[in-house]
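A short write-up of the structure that comes next.
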Amino acid sequence: MNNSINRILLTNKTYVPNNQPIYEKIKTNLILPEGWFERYDNSGKVFYCCEKTEHTQWHHPGIPIGTIMPNGLPHGWVKEIDSKTGREYFICHVGRFTSWSPPVPPKKYLNS
């Protein structure tokens, strides 16, 4: 099995758009897809392994697309800071691309 582990960066900022599933509320009801299994690292943290591809990841592989994760971004997205410009940018690990714009548009409030 491949020993690399994909890491998802977490922040304490959370933005949840309307009608989006929230990972913390659904994680206990998720079912592992066929060919996936759970393992634990040396500290006891759970991670998931795909038997076919030998891929490992921290987040449950049954997470529905669009689920807002603890970092306030949809599943598979992380925010980083460009070392040359100091600007924040966003990485989509699922689609394998980057963007200067956040994947979730700012929430618009009525009467504001």
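Just so it is clear, none of the values below were taken in a lab; they were calculated from the coordinates. Predicted, not measured: the structure shown is a model, and the values here were computed from it. Note that we place each Cβ from the backbone using ideal geometry, even for glycine, and neighbour counts take in every protein chain shown.
Treat the count of other C-beta atoms within 10 Å as a stand-in for reagent exposure and order TYR89, TYR40, TYR48 from fewest to most.
TYR40, TYR89, TYR48
Taking 19 Å as the straight-line reach from the Cα of LYS45, the aspartates and glutamates in range (excluding those fewer than 8 positions away in the same chain) are GLU24, GLU54. I want the local charge near GLU51. Using Cβ-Cβ distances under 13 Å, sum +1 for each Lys or Arg and -1 for each Asp or Glu among the other residues. Spelling it out: positives minus negatives among the neighbours equals -1.
Counting pairs of alpha carbon atoms under 8 Å apart in space and at least six apart in sequence, what relative contact order in percent does the range 23-99 give?
On the way: 100 pairs, mean separation 15.1, N = 77.
Answer for the range 23-99 is 20 percent.
How far apart, in nm, are two points set 7 Å out from the Cα along the Cα-to-Cβ line at LYS79 and at LEU30? The modelled label-to-label distance comes out at 2.1 nm.
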